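Comments concern the structure below.
The values are calculated or read from the model by the stated rules, or taken from the named source; none is laboratory data. None of the values given here were measured: they were computed from a predicted structure. Cβ: placed from backbone, ideal geometry, glycine included. Neighbour counts: every protein chain shown.
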Amino acid sequence: MIKGKDIGLRALEREDLVLLRNWRNITSFRKNFREFRELNLVNQENWFARVNASPNDFMFMIERLDDKEPLGACGLLYTNWIIRSADFSFYIGHEEAYIDKQGYAKEAAHLLIDYGFNNLNLNKIWMELYEFDKAKLDFFQNDFAFKTDGKLRDNCFEDGRYWDSFIISLTRNDAKK
């Protein structure tokens with residue numbers, strides 16, 4: 001387990017899959033994910049098997065240390081060992097918070113970023129976010145100084161229209177500033 005002050009990041013277990021599926025199927029969350037369809041347990045089990053078999057994917061359950069309450073999920077995925085980059089996956093599912101105000105999201109993101117740079121020796125942590133995902137765009141750009149690498153025009157269809165998506169990233173050098 002990767003421990004912080006109030007929360008920890010632990011490896012996902014098969015027993016977490018129902019909770020993860022339920023969080024992923026929250027309508028207000030699902031529109032923000034590249035996998036936009038309603039997931040069933042078979043989808044979740046297939047994803048779990050793929051992630052567990054991959055040497056390039058690192059997924060964690062975010063949990064409170066004092067009572068082991070699951071709060072969300074996060075991970076570094078599609079790790080490219082040549083350019084030392086990984087896709088950042090992150091949300092707080094507890095009480096449908098997405099990005100919470102209690103500080104769990106901030107502590108969990110700090111822990112995962114630190115793990116990526118200082119344990120996996122990554123140089124860049126990136127993510128693709130849709131322009132309507134203001135909560136994550138604001139959170140990662142304002143609280144962690146992620147920079148916009150690029151914009152993919154009309155890259156998502158939601159609520160009857162096309163939306164842009166942004167590739168944002170944090171490099172090892174950015175994190176040291």
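Within the range 114-158, the residues that satisfy the criterion of being assigned to a loop (DSSP other than H, G, I, E, B) and in contact (Cβ under 8 Å) with a residue 24 or more places away in the chain are Leu120, Asn121, Leu122, Asn123, Glu131, Phe132, Asp133, Ala145, Phe146.
Name the residue that is nearest to Asp67 (Cα to Cα), counting only residues in the range 1-51 that are surrounded by 11 or more Cβ atoms within 10 Å (Cβ to Cβ), in contact with a strand residue (DSSP E or B) (Cβ under 8 Å, 6 or more places away or on another chain) and among the small types (Gly, Ala, Ser). Per the stated criteria, the residue is Gly8.
The set of residues from the range 118-134 being more than 18 Å from Asn56 (Cβ to Cβ) and either buried (at least 18 other Cβ atoms within 10 Å of the Cβ) or aromatic (Phe, Trp, Tyr) (or both) comprises Leu129, Tyr130, Phe132, Asp133.
Go through the range 9-34 and give me each residue that's in contact (Cβ under 8 Å) with a residue 12 or more places away in the chain, in contact with a helix residue (DSSP H, G or I) (Cβ under 8 Å, 6 or more places away or on another chain) and not hydrophobic (A, V, I, L, M, F, W, C).
Selection gives Arg14, Arg21, Arg24, Ser28, Asn32.
Answer yes or no as to whether Arg34 is among the charged types (D, E, K, R) and modelled with pLDDT under 90.
Details: among the charged types (D, E, K, R): yes; modelled with pLDDT under 90: yes.
Judged against the criteria, Arg34 is a match.
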